[in-house]
Amino acid sequence: RHTPWKGLDRFARWPVPPALRSSVAGLCFSLEERISRNHQGLHTLIRQQVEAPLGRSDLVGPVSRAADVSAGATGAHQWYGTLSVNWVARFDALREVVDGIYTGELSRRLDLWVAALTSSGPWWPREDVCVVAERPSVLHTEVWGEHGEPRLHGEDGPAIRYADGWDLYAWHGTRVPSWVVTEPDVPRIERETNVEIRRCAIERMGWGAYADAA
């Protein structure tokens, strides 16, 4: 399942994720040290053209955090920063442009993360077992904002669904209950206490139709 197991509510106390985050921090420091010597201008360009757009486009963190809320997970948000592909893409793009920029050992360690972050969805490592999520079977987004970032949006169904049946409904980037998208009506809207969800439901129903029905 996308939400891995009951122990997820103790995520912050697992020893492996902090160790891997520390390893990533050390790897990034070593890679940046190699870059800063002769390629700082190119590094800045790739940050702007590769890393920044991918960071704005990242859906792994928001979706995973939404799944973890129902599992009671704490501290997992820091782990999802490690799973974001933008930092890997920055260093990998530099390697493609500048031959021999990293030592063999640094390239080997970077390759491990490239393979991990491009081969699956989110994953959760413990000492004796690692749960790995498949990529979603359904994914609907829309383009918005000054830089054309994607955000979750499903017109008539879930914005995200996994093969095990876990799904998430979203209306123009706002997470909503399924009825907002599938069956919006005046009684449900009037009972809803969250103003943003009410607004989304009225938009889905149509302001004119809602005014007439109300």
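Of the residues making up the range 180-201, those that are closer than 16 Å to A159 by Cα and not charged (D, E, K, R) number 6. At least 1 residues being within 21 Å of Y80 (Cβ to Cβ) and aliphatic (A, V, I, L, M) is the threshold, and among the strands (runs of 3 or more DSSP E) wholly inside the range 130-195 those reaching it are 130-132, 149-152, 167-171. One residue stands out in the range 46-84 among those that are at pLDDT 85 or above and β-branched (V, I, T): the one that is nearest to the chain's Cα centre (by Cα), namely T82.
Residue-wise test of (1) part of a helix (DSSP H, G or I); (2) not hydroxyl-bearing (S, T, Y).
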residue	(1), (2)
Y80	yes, no
A89	yes, yes
G100	no, yes
R109	yes, yes
L117	yes, yes
S120	no, no
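If the condition is being farther than 16 Å from S23 by Cα, surrounded by 12 or more Cβ atoms within 10 Å (Cβ to Cβ), under 15 Å from the mean Cα position of the chain (by Cα) and of a type in the set (V, I, T), then the range 86-137 contributes only V132.
The values are calculated or read from the model by the stated rules, or taken from the named source; none is laboratory data. Since we're looking at a predicted model, the values are computed, not measured. In this analysis, Cβ positions are derived from the backbone assuming ideal geometry, glycine residues included, and neighbour counts consider all displayed protein chains.
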